[in-house]
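A quick write-up on the structure given underneath.
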Amino acid sequence: MTKPDSAENVDNVPTPQSLAEADLANDFWFVLVKLRARMRTMMDTDKWLEELGLNARTYSALSLACTGIGPSQRELAGFLTLDARQLVYVMDDLEESGLIERRAHSKDRRLNAIYATDRGRELYARARKIVQERENLTLAPLTDSERTFILKYLKELAFQGGDQ
């Protein structure tokens, strides 16, 4: 993007399109952060999951609890990039709603393993359907092969070297 070279250019009102042409919009990290913020805002502000009593964090934690792997709270916090204290509130909400249960971790009894209850798995299936519908709307401009390509490489970057 060029710098204004006269006083008249300084008075121009920027538009979203003109800002999207700035150098920053070509920085990979910024585009990913912007997309993440947009998706989270859509999920929470548009209240995709409100009717089910979920938000982005509770949906994400419930999804992982439904894997049957039994991740610890520490593992969930790391994977979801949440502070451990934040995750405790999320887990408390899910447990109080009867959606997850904490069990002694099979490898370390000092840790809690997180598992979904039958009710949690049922609610997750309904929520997953809503998320997939919204995701399809967001990704509508892309072909199926473009979606697959982008997801493959984003996952490769996000989880490279086992870094969760």
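Numbers below:
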item: Taking the C-alpha atoms of the range 43-99, convex hull volume expressed per residue in Å³; result: 81
item: Solvent-accessible surface (1.4 angstrom probe) belonging to Phe159, in square angstrom, nearest 10; result: 80
item: Accessible-area composition of the range 9-138, carbon plus sulfur, in percent [1.4 Å probe]; result: 51
item: 5 Å binning of all Cα-Cα separations within the range 118-164, expressed as whole percents from 0 upward; result: 5, 18, 15, 17, 18, 19, 8, 1
item: Radius of gyration and Dmax over the Cα atoms of the chain, both given in Å; result: 20.2, 69
item: 0 to 90° range, to nearest 10: angle between helix 56-65 axis and the chain longest Cα axis; result: 40
item: Percent of Cα-Cα distances greater than 15 Å, calculated over the range 67-106; result: 40
item: Relative contact order, percent, the chain [alpha-carbon distance under 8 Å, six or more residues apart]; result: 17
item: Listed residues Ser60, Ser72, Ser106 arranged by accessible area, highest first, probe 1.4 Å; result: Ser106, Ser60, Ser72
item: Exposure ranking of Arg102, Arg109 by accessible area [1.4 Å probe, largest first]; result: Arg109, Arg102
item: Total formal charge among the other residues, if their Cβ is under 13 angstrom from that of Glu122, Lys/Arg +1 and Asp/Glu -1; result: +4
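The values are calculated or read from the model by the stated rules, or taken from the named source; none is laboratory data. In this text the structure is predicted, and so the values were computed from the model without any measurement. Every residue, glycine as well, gets a Cβ built from its backbone with ideal geometry; the counts of neighbours run over all protein chains shown. Just so you know, the surface numbers come from the protein's heavy atoms only, side chains and all, with ligands and any DNA or RNA stripped out. Shrake-Rupley method; radii C 1.70, N 1.55, O 1.52, S 1.80 Å.
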